[in-house]
Amino acid sequence: MELKQKVNTDAVEFKIIDDVKDEPGLKSAQEFVGGLVQGIEFPNGDYLIVNEEGKSMGLPLNPEATTLWRMTFDNDNYITGRKDWVAGPAILIKKKALKRWA
């Protein structure tokens, strides 16, 4: 089942990087997500950076990143699938912009 939802790419807590010159380093990624970073590689090669402890810290649901997550990971192929969600700020680095995180 494919979800047909639009992701709000203008959200303050959700940043999309599509140019390698804008790819964040570790320190700026940590500052944006507010702590330790966790990286998740998407099947298409994109890379999502989230706060590793976001859920345990009680950070709020990130609706844009969660929508993207649920559009990508289903219950048939991934353990948490559509039941999972993203807490706190997130950065999506498009495959064509990956250099440091690849």
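Please verify whether region 38-58 includes one or more residues that are hydroxyl-bearing (Ser, Thr, Tyr), touching a helix residue (DSSP H, G or I) at 6+ places or on another chain (Cβ under 9 Å) and not in a loop (DSSP other than H, G, I, E, B). For region 38-58, residues hydroxyl-bearing (Ser, Thr, Tyr), touching a helix residue (DSSP H, G or I) at 6+ places or on another chain (Cβ under 9 Å) and not in a loop (DSSP other than H, G, I, E, B): present. May I ask you to verify whether Gly35 is buried (at least 16 other Cβ atoms within 10 Å of the Cβ), part of a loop (DSSP other than H, G, I, E, B) and modelled with pLDDT under 95? Yes; evaluated as a whole, the condition is true for this residue.
Taking the criterion of being in contact with a strand residue (DSSP E or B) (Cβ under 8 Å, 6 or more places away or on another chain) and either in a loop (DSSP other than H, G, I, E, B) or not hydrophobic (A, V, I, L, M, F, W, C) (or both), the residues of region 59-91 that qualify are Leu59, Pro60, Asn62, Glu64, Trp85, Val86, Gly88, Pro89.
Condition check for Asn75 on (1) farther than 15 Å from Ala97 by Cβ; (2) surrounded by 14 or more Cβ atoms within 10 Å (Cβ to Cβ); (3) not hydroxyl-bearing (Ser, Thr, Tyr): one failure, at (2).
When residues of region 81-100 are filtered for being farther than 14 Å from Ile49 by Cα and small (Gly, Ala, Ser), how many remain? The number of residues fulfilling the criteria is 1.
The values are calculated or read from the model by the stated rules, or taken from the named source; none is laboratory data. Just so we're clear, the structure is a prediction, and the values are computed from it rather than from any experiment. Ideal geometry is used to build each Cβ from the backbone, glycine not excepted, and the neighbour counts take in all protein chains shown.
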